[in-house]
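Novice: Quick one: the structure is below, questions incoming.
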Amino acid sequence: QSAKAMNRFTKKRDKFENHCLNSMALFTKYQIMLTATRLTYTVAKYNANLVRCFSSIHSTGKIARHQSYPDVTSRPFRSMLYVPASNTRALEKLSKFTFGMKPDSVMYDLEDGVGPASKDEARDNLRQFFRNQKEKDRNPPRHFGLIRVNRMDTPWFEKDTAAVVEFFEEDADNELIHGVILPKIEGWNDVNSVSKHFQDLFGETSPSSPLKDLNYSNPATSPPIISPIPFWAMMETPRAILSASSIASHPSIQGLILGTNDLSKEIRLRPHSHKATRSGLSTSLQVTILAARAYNKLVIDGVYNHFNDDEGFREECNQGKEWGMDGKTLI
């Protein structure tokens, strides 16, 4: 009887163990299916976001042409020449530079280099200059052209940006104009505001970039709004320097340009000798370089004011190069 009882117990035990194993197998299978379902949903949601993002970018030809920014980090930016758009003689000289004297890039200036009474004339000059360049030679070696507009809080901003859009539309092959320089930018939200303005001018309907749905990691609170045109930010105020990382991380920003004259004035530096120590600016310059490098953006050094001092100019160029600058602005 004991043997029979033990046999019955063994059978029940084996049955119970098989039942447990089957239950565990079912539970494991359920977990795998649940995990797969969640993964499929996550991937589908991510793919949908990507599709929405790229369909927005390529919704119209003119937006896609500018919004898929070309990689410019591999091209030389040793020199960036300021050219006031109100100075027709300076504009005409650009086409007369010999190969060795030709700057890598040109800043067509509508801001500080143009007096308040000459703003309209400067835009007209630039319009005529670009049209003449197109007519003169169909395949000339081009400068990397950037247009510096006036600040958003000035009465000239609206006309400047409208003219920029007109220039971009006429320059269908992007031979003459490659971006816009924003002066007195002091943070992420400044870049977003101008980006939204250009979206509206180009007819972009979305209020902000679909990239916000991809959990874009940025310390700023507002999601990025991507401009149809690449931006370069002038770093020329204390707030700009303190926000250098935020500005450089914005997807609309292609490069940073040091405005060392305005920056020196803003932080109340005393006049210094011609020697290239720049001790009072060193922290600001290096912070800007760090921000540019952290986000793989270009960074251009400020001008050297003493243009008759060749040796001092050479020293400051070498200093900027040693610190990590990609080039220098020229007057």
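The values are calculated or read from the model by the stated rules, or taken from the named source; none is laboratory data. Please read all numbers here as calculations on a predicted model, not as lab measurements. Heads up, the Cβs are rebuilt from the backbone with ideal geometry, glycines too, and the neighbour counts pull from every protein chain shown. Accessible surface is based on the protein model in full, side chains and every heavy atom, while ligands, DNA and RNA are left aside. Shrake-Rupley method; radii C 1.70, N 1.55, O 1.52, S 1.80 Å.
So that you can scan it fast, the table gives a plain yes or no per residue for (1) among the polar types (S, T, N, Q); (2) modelled with pLDDT of 90 or more; (3) farther than 20 Å from residue 238 by Cα; (4) in contact with a Lys or Arg (Cβ under 8 Å, 6 or more places away or on another chain):
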site	(1), (2), (3), (4)
281	no, yes, no, no
305	yes, no, yes, no
319	yes, yes, yes, yes
327	no, yes, yes, yes
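Novice: Among 311, 316, which is open to solvent by 80 Å² or more (accessible area, probe 1.4 Å) and under 30 Å from residue 90 (Cα atoms)?
Specialist: Being open to solvent by 80 Å² or more (accessible area, probe 1.4 Å) and under 30 Å from residue 90 (Cα atoms) holds for just one of 311, 316, which is 311.
Novice: Now a separate question. Return the only residue of 321, 328, 297 being on the phi < 0 side of the Ramachandran plot and open to solvent by 60 Å² or more (accessible area, probe 1.4 Å).
Specialist: 321
Novice: Select, from 168, 130, 144, the only residue that is modelled with pLDDT of 90 or more and either touching a Ser or Thr at 6+ places or on another chain (Cβ under 6 Å) or of a type in the set (A, V, I, L, M, F, W, C) (or both).
Specialist: 144
Novice: Scan 300, 289 and give me the residue that is within 27 Å of the chain's Cα centre (by Cα) and in a helix (DSSP H, G or I).
Specialist: Only one candidate passes the filter, namely 289.
Novice: Can you list residue pairs whose Cβ atoms sit under 9 Å apart, with the first residue in the range 284-310 being in contact (Cβ under 8 Å) with a residue 12 or more places away in the chain and closer than 16 Å to residue 320 by Cβ and the second being among the charged types (D, E, K, R) and open to solvent by 50 Å² or more (accessible area, probe 1.4 Å)? Count only pairs 6 or more apart in sequence or on different chains.
Specialist: 292/326; 298/326; 299/293; 299/326; 300/326; 301/321; 301/326
Novice: Which pairs have Cβ atoms under 9 Å, sit 6 or more apart or on different chains, and link a residue in the range 91-113 that is under 19 Å from residue 148 (Cβ atoms) and aromatic (Phe, Trp, Tyr) to one that is at pLDDT below 90 and part of a loop (DSSP other than H, G, I, E, B)?
Specialist: If the second residue must be at pLDDT below 90 and part of a loop (DSSP other than H, G, I, E, B), the pairs left are 108/177.
Novice: Turning to a different aspect of this structure: Hey, could you check the range 144-200 for residues that are in a helix (DSSP H, G or I) and acidic (Asp, Glu) and say which is nearest to the chain's Cα centre (by Cα)?
Specialist: Result: 190.
Novice: Among the candidates 241, 229, which residue alone is within 23 Å of residue 82 (Cβ to Cβ) and part of a loop (DSSP other than H, G, I, E, B)?
Specialist: 229
Novice: Those residues that are of a type in the set (Gly, Ala, Ser) and either in a loop (DSSP other than H, G, I, E, B) or open to solvent by 40 Å² or more (accessible area, probe 1.4 Å) (or both), I need them from the range 67-82; list them, please.
Specialist: Selection gives 68, 74.
Novice: Sort out which residues of the range 148-171 are closer than 11 Å to residue 181 by Cα and either loosely packed, with under 15 Cβ neighbours inside 10 Å or without any contact (Cβ under 8 Å) to a residue 40 or more places away in the chain (or both), and write them in order of number.
Specialist: Residue satisfying the conditions is 149 alone.
Novice: Would you tally the residues in the range 83-115 being in a helix (DSSP H, G or I) and open to solvent by 10 Å² or more (accessible area, probe 1.4 Å)?
Specialist: As a first pass, look at the range 83-115 and keep what is in a helix (DSSP H, G or I): 88-94, 99-101.
Add one more test, that the residue is open to solvent by 10 Å² or more (accessible area, probe 1.4 Å), and what stays is 88-90, 92-93, 99-101.
Summing the residues that are in a helix (DSSP H, G or I) and open to solvent by 10 Å² or more (accessible area, probe 1.4 Å) in the range 83-115 gives 8.
Novice: Give the residues of the range 172-208 that are of a type outside the set (D, E, K, R), more than 25 Å from residue 131 (Cβ to Cβ), open to solvent by 40 Å² or more (accessible area, probe 1.4 Å) and modelled with pLDDT of 85 or more, sorted by residue number.
Specialist: Residues satisfying the conditions are 189, 193.
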